[in-house]
Amino acid sequence: MKYVFASIVTVLLFVSCNSEIAEPSHQNFPQDVEQLKALLASEQDDIVKLDIYYALYKAHLEIPNMTAAFKYLSLQRELAMEIEDPLKAGRACYNMGLIRKKQFDYIGAVNLYLQAIDFFETVGDQEKIALTLDNIGVVFMETANYEYAKKFYQKTKSIYRTSKKPNHLLLANLNLGICHLAASPPNYDSALMYFQSALTLTEALTENQSYYLNRIHTQLGTMYYRADQYREAIDHYQTSLRYINVNQLKQQAIGFANIGEVYMEQGLYKEAEEWLNKALALSGQIEDIQSVGGVLNILGRLHQLQGDYETGVQYLERAINVASKDVINEHLQESLRLIRESYVALRRANKPVNIERYEKVLIFDARQDLLEQELVDKTNFMALQAALGLSVELDHEKKQKKAEVQLNSLYSYAVVVLLLLVIISGTVLFITGRKIYQVRQVLKW
């Protein structure tokens, strides 16, 4: 199966859009929850209270207790609104949106992000508006609604054009490229245009240039791989490796595995195994079990394609052993699919299959199905996409009506002023007329 690392690569690129807005504080607060609560109870200064609420949110985030963390952000927002601090209120809404997103409450997340934008607009903080728009784009990307995602990334791009930070505009182009690449069917021409724009912007970077070059060339490699242009895919994957430090083992492993998979897709199994073994050699030093599982899956499929199902099963069983089984895990699902195919092939060849292991595979498979069903029941993706779109459209409509009301108020104000001017002018003319008449009468006398 193609695209083993596509989801990992995409997630890596969205990390910078999905981070918390930190709040600077000159207070040295304790990290203990009970001490912070006691401090809050004795504090009279509302500005300090805002910082304590934020500290309590952070403390509960570490535990983790998302319900309590959300509660303290909500209290921070309410107090910020009360003392008319829109920047703090906006930050609270934004961070509340992050929590809702982690809980798969996408509609709640988008609504909170939209509230954050309203607050940031009040203070004219364009950078935070763009960051929040990026996060709304991430929500639409994760719900496979790429057309809406593109709209938000286009907005961020228009904001970032005036920014003095080229990495912001670069990231907007990169995300737009991913939207076009991830769409069904993919739009390779548009994806290439945005990736090339991102590549050009790296020339203006003064820091983290290698980081972005690695990400861009990795995405270009993935694009060419999906388009069956294997030579170009390998060239870009190899170029991406030039921008990795020797300590970045995970990125090296992903790069090696990507190249191995391209060779495998071409039927060049010897070259594929060489690159995949290089990736596997790093697995013992990588903490990210997702990446390790991905490499093992490709090796399992490599041997499966060559008819060596027994060796393939060994790699796939290792992948299953290291996988997280209590969450929806695409790599685990791929391992289970491949190993079932291998077991069927072994049975057809009259080779032994361990019944106990096969039963475990069925149990893990059923568990993944159950987790996915729970997610579907919770989110109802079709309804979710419609509701997300509706949230955004309603917010846009709300702002339009607000603008219309303001315009109508302006018209009303203008009419009232004009009326007053007419009345005043009429009065002045009337008084002046009377005085002229009186003067004329006196003169006649």
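The values are calculated or read from the model by the stated rules, or taken from the named source; none is laboratory data. Note that this is a predicted model, so its numbers are computed, not measured. Quick reminder, even Gly has a Cβ in these numbers, built from the backbone with ideal geometry, and neighbours come from all protein chains shown. To get the accessible areas, we keep the full protein, side chains included, count just its heavy atoms, and leave off ligands, DNA and RNA. Shrake-Rupley method; radii C 1.70, N 1.55, O 1.52, S 1.80 Å.
Taking the stated definitions as given, is Ala89 of a type outside the set (D, E, K, R), surrounded by fewer than 18 Cβ atoms within 10 Å (Cβ to Cβ) and within 25 Å of Leu39 (Cα to Cα)?
Working: of a type outside the set (D, E, K, R): yes; surrounded by fewer than 18 Cβ atoms within 10 Å (Cβ to Cβ): no; within 25 Å of Leu39 (Cα to Cα): yes.
No.
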Worksheet item: Quick check: anything in the stretch 319-326 in contact (Cβ under 8 Å) with a residue 24 or more places away in the chain, part of a loop (DSSP other than H, G, I, E, B), out of contact with any Leu (no Cβ under 6 Å at 6 or more places or on another chain) and of a type in the set (Lys, Arg)?
Response: yes
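Condition check ((1) open to solvent by less than 10 Å² (accessible area, probe 1.4 Å); (2) under 30 Å from Tyr148 (Cβ atoms)) across all residues:
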| position | (1), (2) |
| --- | --- |
| Gln31 | no, no |
| Glu43 | no, no |
| Ile47 | no, no |
| Tyr54 | no, no |
| Glu62 | no, no |
| Ala69 | yes, yes |
| Leu79 | no, no |
| Leu114 | no, yes |
| Ala130 | yes, yes |
Worksheet item: Assuming Ala109 fulfils every condition listed in (1) over 30 Å from Gly221 (Cβ atoms); (2) surrounded by fewer than 20 Cβ atoms within 10 Å (Cβ to Cβ) apart from one, which condition is it?
Response: (2)
Practice prompt. Take the stretch 171-220 and flag every residue that is open to solvent by 20 Å² or more (accessible area, probe 1.4 Å), touching a helix residue (DSSP H, G or I) at 6+ places or on another chain (Cβ under 8 Å) and β-branched (Val, Ile, Thr).
Written response: none
Worksheet item: Any chance the stretch 346-353 includes a residue that's in a helix (DSSP H, G or I), under 26 Å from Glu273 (Cβ atoms) and β-branched (Val, Ile, Thr)?
Response: no
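Take residues that are under 29 Å from Gly108 (Cα atoms), free of Cβ contacts under 8 Å to residues at least 24 places away in the same chain and small (Gly, Ala, Ser) and tell me which of the helices (runs of 4 or more DSSP H) falling wholly in the stretch 133-206 contain 1 or more.
Details: elements: 146-160, 166-182, 188-201.
Because the criterion is at least 1 residues that are under 29 Å from Gly108 (Cα atoms), free of Cβ contacts under 8 Å to residues at least 24 places away in the same chain and small (Gly, Ala, Ser), the helices (runs of 4 or more DSSP H) in the stretch 133-206 that meet it are 146-160.
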Practice prompt. Within the stretch 270-293, count every residue that is closer than 17 Å to Asn245 by Cβ, out of contact with any Ser or Thr (no Cβ under 9 Å at 6 or more places or on another chain) and buried (at least 21 other Cβ atoms within 10 Å of the Cβ).
Written response: 0
Discussion item. Restricting to the stretch 327-355, count the residues that are without any contact (Cβ under 8 Å) to a residue 40 or more places away in the chain and over 19 Å from Leu302 (Cα atoms).
Written reply: 8
Fill in: Single residue of the stretch 327-360 satisfying the filter (open to solvent by less than 20 Å² (accessible area, probe 1.4 Å) and more than 22 Å from Gln306 (Cβ to Cβ)) that is modelled with the lowest pLDDT
Asn329
